Structure formats: structure tokens, C-alpha cells
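Working notes, beginning with the structure itself.
The values are calculated or read from the model by the stated rules, or taken from the named source; none is laboratory data. Computed from a predicted structure; not experimentally measured. No Cβ is skipped: glycine too gets one built from the backbone with ideal geometry, and neighbour counts run over all protein chains shown.
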Amino acid sequence: MKKAKQLTIIVIMILSTVFLSSCSKGEKRIVSKFSNDKPAIVHYIKNGKKVFEERFYPNGQMRSEGKWDGKNRTGVWKYYFDDGVVFAKVDFTDIKDGKDWQIWQGKNNKLVDKNDVINSMAFSNEGTLVTINIKKGDGEVFYRFFNSFKLMERVYLKGNIPQGESMTWWENGNINSEAFYKDGMQDSTYTVYAENGQKIILGHYTKGVKTGKWEYFAQNGQPQGIEIYDMDGTKLKDDKNDGLIYHRKPITQTDSTNKQ
């Protein structure tokens, strides 16, 4: 009997805490719902002004939460992936685009630290982060995100020109493409993957033009064709079905003279 009373008291205390916390935010108003009848956007109102906002995923998981001063975001906001892991934290106090940005892709992979210098940012109509460009060493890193906050693109830059590795991802986390740049032009290998992870294009760029062998595959891994390019980007062979026989472009009189 004594244990039952103690349990009842604990439950009442928890419910009271939740109730008081909710009241401290203000009057709760469900602005919109998903088709499954779960809340999508919730506002809290005090003295006729919006003072707090919560957004959710269809599964009921919190998407974002933070304070409003009636017209603008203020204070520290948090954004979450649909599994509850934190995507970003930012302070909107007196700054429209926020300050002290911290961004993660997973629990242990931090992309942006609050001490990083931000060069530029872009936001969706919802007010969530779409792209961010930050200073890293003597260069920059550009990130683009899906609406789900998952990483879509990462490009290394120098002087706002692509330099080094560039990668894109499918929303399921699989790699979409991998490229390399030198002074703003694609250079070295170029690989494209299907959403299921199958490699579908494998080629090579030299100073922005296709060179060497390019291979193409279906999503089931079946070969779909081969192309061969000369060093100046001229296509030498386009084979879609049969075995490839490599034929080099004939040397012109000019070429022959230059090579002597």
C-alpha cells in the first residue's frame, strides 16, 4: 500500500511538471496537422504574441523548437533528424541568420562548430538551413542539405572556386557522386552511383574534359557501354554492345610536325 502511494505521488509530480512546463510556454495552439492527425506545427501564445514554436515529423518526433519574440526567432533553437538526433543548434538572439552555429551529421560527426567563420548561408521558406559555406584553413567548405537535414552535398573550395574533392549523397545516405576539381575544373576520376549503391558511371576528366575510358552500368550492375576519349576530349569509340577495340585518332600533319 505504501509503495502504491509513493508511485502515485511520483506520477502526479511528473504530470505536474509537464503541465507547468507547458503553461510556462503560453497557450498551446495546434497550427497544422499531418494526414495521420498528429501535430505538424504548434505555437505557444502569450499576450496575443507567439513566444514559442514546435515543428514535428509525421512520426511525432520533434523537428525544431525555439522561442519567438512575437515576430522573429530568438534565443537558442534546436533542429533534429527524424530519429531524434540533433542536427543543429543556433542562437537567433538579435541576429536574423543566427550565431554560434553547430551542425552534426550523426552523433559524432560535427560539420560546423560555433567558432567556425561563416561566409554565406541560405534558408528554406520554412526558415531551416539549406546551405552553408564556412572557412576552413586557407579554403572553404560548402554544405547543402535535404529538407530532412541529411547531407546532400559537400564541396571543398579555395577563393570560392572548387578545389579538391566534391561529393553528393542520396537522401538514404548512399553516395550519389564523387568528383575532384583543380582550379575550378573537374580533374581526375569521376564516379556516379545509383540510389541502391551500384556504380553506374566511372570516368576521368582532364582539365574539365572527358578523357580515357568511360564505363556505364545499369542499377543491377550489368555493363551498359564504354566510351573512349582522346586527351583533347574527342570521342574515339562509342561501344554499347560488343567488345571494345581501341582505335587512336589519326595523327594529322600538324600533330606530326609538332611531335618532331
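Of note:
- Identity of the residue in region 22-47, of a type outside the set (D, E, K, R) and modelled with pLDDT under 95, that ends up farthest from G60 (Cα to Cα): N47
- All of T191, T257, T234, T252 fail the test of being at pLDDT 95 or above and among the polar types (S, T, N, Q), apart from T191.
- Hey, Y216 touching a Gly at 6+ places or on another chain (Cβ under 8 Å), farther than 24 Å from I132 by Cα, in contact (Cβ under 8 Å) with a residue 12 or more places away in the chain and part of a strand (DSSP E or B) or not: yes
- Applying the criterion of being surrounded by fewer than 16 Cβ atoms within 10 Å (Cβ to Cβ) and small (G, A, S) to the residues of region 180-204, the residue that is farthest from Q224 (Cα to Cα) is G184.
- Checked against the criterion of being among the polar types (S, T, N, Q) and either closer than 15 Å to V130 by Cβ or modelled with pLDDT under 95 (or both), the candidates N176, N160, N172 yield just one match: N160.
- Matching residues, region 89-112, being in contact with a strand residue (DSSP E or B) (Cβ under 6 Å, 6 or more places away or on another chain) and not in a strand (DSSP E or B): F92, T93, D97, G98, Q105
- Residue within region 119-127 that is among the charged types (D, E, K, R) and in contact with a Phe, Trp or Tyr (Cβ under 8 Å, 6 or more places away or on another chain) present: no
- Breaking point among (1) touching a Phe, Trp or Tyr at 6+ places or on another chain (Cβ under 7 Å); (2) of a type outside the set (A, V, I, L, M); (3) under 22 Å from W68 (Cα atoms), for W104: (3)
- Yes/no for M152 being more than 30 Å from I95 (Cα to Cα) and within 17 Å of the chain's Cα centre (by Cα): no
- Sole residue being under 19 Å from N125 (Cβ atoms), surrounded by 13 or more Cβ atoms within 10 Å (Cβ to Cβ) and of a type outside the set (D, E), chosen from G75, G26, G66: G66
- Given (1) under 30 Å from T128 (Cα atoms); (2) without any contact (Cβ under 8 Å) to a residue 60 or more places away in the chain; (3) surrounded by fewer than 16 Cβ atoms within 10 Å (Cβ to Cβ), number of the condition S148 does not satisfy: (2)
- Screening D94 against (1) surrounded by 12 or more Cβ atoms within 10 Å (Cβ to Cβ); (2) without any contact (Cβ under 8 Å) to a residue 40 or more places away in the chain; (3) acidic (D, E) leaves a single unmet condition, (1).
- Strands (runs of 3 or more DSSP E) contained in region 125-197 and holding at least 2 residues hydrophobic (A, V, I, L, M, F, W, C) and within 22 Å of V86 (Cβ to Cβ): 129-136, 139-145, 151-158
- Of residues in region 210-231 being aromatic (F, W, Y), under 30 Å from the mean Cα position of the chain (by Cα) and buried (at least 18 other Cβ atoms within 10 Å of the Cβ), the one nearest to F180 (Cα to Cα): W214
- G48 meets the stated requirement of being over 21 Å from the mean Cα position of the chain (by Cα), over 21 Å from L111 (Cβ atoms) and exposed (fewer than 13 other Cβ atoms within 10 Å of the Cβ).
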